Structures are given as C-alpha cells and as structure tokens.
Amino acid sequence: MDLIKINEIAYSRMADRSSHNWKDKGNKYYHGQRTANLALTLREILLPENSSSDEILTVSAWFHDISNGSENHCALGAEKTRQLLSGLCTQDELEQICYIISVHDERIEGNNYPEVVKLMQDADLLDHLGTFGVWEHFLYATAHGETINEAKDFLLNVAVKQHTEHRMQLNFEFSKLILDEKYAFLKSFATRFDTELEGRVWNLDEIIKNGVKNG
C-alpha cells in the first residue's frame, strides 16, 4: 500500500473540518493519527512477532472516524473508506480495513474479534482519555457556556468515576494498565484543579518543607 498517498487522502478529507462545531479543526484526522500510533505500540508490545497487519491497522485507524457524528458512523465510515481507497490497495486489504472500521465501536466484553480489531478498539478508546480527555472537556465547557467551576465539578465528580465503565470495554490487560495510569493522572489533575480554583496552593506542606530544607 502507498501509505503516503492514503494519508494524503485522509488529510484532505478530515484535516480542515471538525466533527462538532465546538471541537478543534481537524480533530478526527489527528485522532486517527494518534490512534494508529497507539495501536502499533500495543501490537509491538502484545504481539511482537506479528507485524503482518501493521499497514491494515494503520489505515483503518486513520479512517475509522471519517463519518463520525452519525448514528451509524461505523458502517458509513467503512463504506466511505471503501470508495476513497478503491484502487489504492488490494481487494483483500480493503475488505480487512473496512471490516475493522465497521466494528470498531462494538466493544463487548469477551468478544471474539480478531486481534487486529481488538488492538484498534483499545487504541481508539485510550486516545479519548488522559490529557486529551481534559482538553476536549474544556473545549466543550467553553463552547457551552459552562463556568470554570462547573467544568471542575464534572472532572472531579463525573469523569473520574467512569474508570470502571471504560475498563470493561478494553480487550487487553495491558490496555487496562494504560487506562489505570490515565485515570490516576485525571484524578490528580482534577484534585489539583479543585485546590487551585479555591486559591489554595497544591502541595503547600511539601513546598514549605523543601523551602526550609533549602533555606
């Protein structure tokens, strides 16, 4: 496959638009790029001897949300990808790419999908969390007229409690470890955000201790 040409198509279709009017321009193009990198990282760690589907995994990640925003975005995305990539890969490659896109949101505990699908599903979910999740929530809060305190309350009282739900949607134990770390960061960030919004100093005792020690 000509990955350069295929990525140019992804860029031309997604980099200049946003999936929602409150999100950053090109959000789905860049999400696809990150998802591809995450999926390959997971594959290298979990299936180090099996790189045969790396190009399939990469391209399906680039295009998986090309029709995002619709109720049936997986099936529509697969169909749009089939049209865009016709002639740029073999028929078998195209079928594999479109299949992965068509089921990437079907996160069912204990599913029997091929490993390449599971890698894609986990990478997709993981990319929405961590620092990106915080960024996206702030975009939403600002666009929808929320106060900074309302944004904080969501992160502290709602977002951090979605850990178990998201954990159940992941296929691999290693993906769950990544998720755990992302939620540890989110909890720490939300707690610090809460502290600083009240005009208090985060880790004040430690700062004082270090200041006395170094004074």
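Being among the β-branched types (Val, Ile, Thr) and at pLDDT 95 or above narrows it down to one of Ile101, Ile108, so name that one.
Ile101
Please find, within segment 106-129, the residue that is nearest to Ala36 (Cα to Cα) out of those that are surrounded by fewer than 18 Cβ atoms within 10 Å (Cβ to Cβ) and either within 16 Å of the chain's Cα centre (by Cα) or among the aliphatic types (A, V, I, L, M) (or both).
That would be His128.
Testing Tyr29 on (1) part of a helix (DSSP H, G or I); (2) out of contact with any Lys or Arg (no Cβ under 7 Å at 6 or more places or on another chain); (3) of a type outside the set (D, E, K, R); (4) closer than 23 Å to Leu179 by Cβ, one condition comes back false. Which one is that?
Checking Tyr29 against (1) part of a helix (DSSP H, G or I); (2) out of contact with any Lys or Arg (no Cβ under 7 Å at 6 or more places or on another chain); (3) of a type outside the set (D, E, K, R); (4) closer than 23 Å to Leu179 by Cβ, the one that fails is (4).
Of Thr90, Thr58, Thr81, which residue is more than 30 Å from Phe138 (Cβ to Cβ), crowded, with 20+ Cβ neighbours inside 10 Å and out of contact with any Lys or Arg (no Cβ under 6 Å at 6 or more places or on another chain)?
Thr81
Within segment 41-67, take every residue that is within 24 Å of Glu173 (Cα to Cα) and assigned to a loop (DSSP other than H, G, I, E, B) and give me the one that is farthest from the chain's Cα centre (by Cα).
Glu49
Being touching a residue at least 60 places away in the same chain (Cβ under 8 Å), surrounded by fewer than 15 Cβ atoms within 10 Å (Cβ to Cβ) and either in contact with a strand residue (DSSP E or B) (Cβ under 6 Å, 6 or more places away or on another chain) or closer than 30 Å to Phe138 by Cβ (or both) is the filter here; which residues of segment 1-23 pass it?
Asn21, Trp22
Which pairs turn up if I take residues in segment 196-215 that are at pLDDT 90 or above and look for partners that are of a type in the set (A, V, I, L, M) and in a helix (DSSP H, G or I) with beta carbon separation below 7 Å, at least 6 apart in sequence or on another chain?
Leu197/Ile148; Val201/Ile207
Can you tell me which condition Lys80 does not meet? The list is (1) charged (D, E, K, R); (2) in contact (Cβ under 8 Å) with a residue 60 or more places away in the chain; (3) part of a helix (DSSP H, G or I), and all the others hold.
That leaves (2) as the condition not met.
Among the residues of segment 80-133, write down those that are within 20 Å of Phe174 (Cβ to Cβ) and of a type in the set (Gly, Ala, Ser).
If the condition is that a residue be within 20 Å of Phe174 (Cβ to Cβ) and of a type in the set (Gly, Ala, Ser), then Gly110, Ala123, Gly130, Gly133 are the ones that fit.
Residue-by-condition table, conditions (1) assigned to a loop (DSSP other than H, G, I, E, B); (2) surrounded by 12 or more Cβ atoms within 10 Å (Cβ to Cβ):
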site	(1), (2)
Lys176	no, yes
Tyr183	no, yes
Ser188	no, yes
Thr191	no, yes
Asp194	no, yes
Arg200	yes, no
Glu206	no, no
Lys209	no, no
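Conditions tested, residue by residue: (1) touching a helix residue (DSSP H, G or I) at 6+ places or on another chain (Cβ under 7 Å); (2) farther than 21 Å from Thr41 by Cα; (3) of a type in the set (Phe, Trp, Tyr).
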{"position": "Ile97", "(1), (2), (3)": "yes, no, no"}
{"position": "Ser102", "(1), (2), (3)": "yes, yes, no"}
{"position": "Val116", "(1), (2), (3)": "yes, no, no"}
{"position": "His128", "(1), (2), (3)": "no, no, no"}
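The values are calculated or read from the model by the stated rules, or taken from the named source; none is laboratory data. Keep in mind that this is a model prediction, so the values were computed, not measured. Heads up, the Cβs are rebuilt from the backbone with ideal geometry, glycines too, and the neighbour counts pull from every protein chain shown.
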